[in-house]
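Engineer: Dropping a structure here in structure tokens format, bear with me for questions.
The values are calculated or read from the model by the stated rules, or taken from the named source; none is laboratory data. The structure displayed is predicted, hence computed values, not measured ones. Cβ atoms come from the backbone with ideal geometry, glycine included; neighbour counts cover every protein chain shown. Accessible surface is based on the protein model in full, side chains and every heavy atom, while ligands, DNA and RNA are left aside. Shrake-Rupley method; radii C 1.70, N 1.55, O 1.52, S 1.80 Å.
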Amino acid sequence: MTPFHLNNKTILVTGASSGIGRQVAISISEMGGNVVLSGRKKAELEVTLSNLTKGNHQIYAADLLDETARKELVKNIPTLDGIVNSAGVVKPFPIKFITQEKIDETLNINYEIPLLLMAELTKSKKINKNASIVFMSSISGQHPHLSLIHI
């Protein structure tokens, strides 16, 4: 039992279909929070949902790279007390195989999408006053894969 609680708080977790996002969602539910699960794979979101403690949890399968899907997500979710932006990718490539397409994909998912989602949530007044907002990062930023630095 933790002294920290999220009773009656609704929190959006992106990337909730696996990894860190899944565990964050589980931990939020254990602390009494209601979780809005977002990810691209509905079946994986349902696995996450099955691991949550009781609450008023919701699933929204959406590819946040798609502007229409992102706007639809924002339109359909309840007002939020918190957001955890944990969707992201790590796709290491040897430097000689890096392309603009690979750079754009990584930056779009890891940087641009969380910012665009936050902008949409703010415009739509979906964030309660005093809400908490978390942007997750990867350790890869400080400890790159060796394949990235070998020439």
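Engineer: Return the calculated 222 nm mean residue ellipticity for the chain, to the nearest 500 deg cm²/dmol, obtained by summing -39500 (n - 2.57) across DSSP H runs with n ≥ 4 and dividing by the residue count.
Structural biologist: After summing the helix terms and dividing by residue count, I get -10000 deg cm²/dmol.
Engineer: Follow-up. Which aspartates and glutamates have a Cα less than 16 Å from the Cα of LYS126, not counting those fewer than 8 places away in the same chain?
Structural biologist: GLU72, ASP81
Engineer: Given a 10 angstrom Cα cut-off, can you work out which residue in ILE133, ILE103, ILE83 is the most mobile in a GNM of the chain?
Structural biologist: Among ILE133, ILE103, ILE83, the largest mean-square fluctuation in the Gaussian network model of the chain belongs to ILE103.
Engineer: I've got another one for you. Between the helical axis of 67-76 and the dominant principal axis of the chain, each derived from Cα atoms, what acute angle in degrees is found, rounded to the nearest 10?
Structural biologist: Roughly 20 degrees between the two axes.
Engineer: I need the peptides 121-129, 40-48, 17-25 ranked by packing, meaning the mean over residues of other C-beta atoms within 10 angstrom, with the highest value on top.
Structural biologist: Working: 121-129: 13.1, 40-48: 16.0, 17-25: 20.2.
Result, highest mean first: 17-25, 40-48, 121-129.
Engineer: Using a 1.4 Å probe, what is the accessible area per residue for the chain, in Å²? Kindly include the intermediate steps, with their values, before the conclusion.
Structural biologist: Values: 9450 Å² over 151 residues.
Averaged over the residues of the chain, the accessible area is 63 Å².
Engineer: Of the accessible area of the chain, with the probe set at 1.4 angstrom, what percent is carbon plus sulfur? Numbers along the way, then the final one.
Structural biologist: Values: 5200 of 9450 Å².
Carbon and sulfur: 55 percent of the exposed surface of the chain.
Engineer: Could I ask something else about it? Any idea what the relative contact order of the range 1-104 is, in percent, if you count C-alpha pairs under 8 Å spaced at least 6 apart?
Structural biologist: 29 percent
Engineer: While we're here: Need the list of lysines near LYS41 for cross-linking: C-alpha distance under 20 angstrom, and skip anything on the same chain fewer than eight residues off.
Structural biologist: Reachable lysines: LYS71, LYS75, LYS91.
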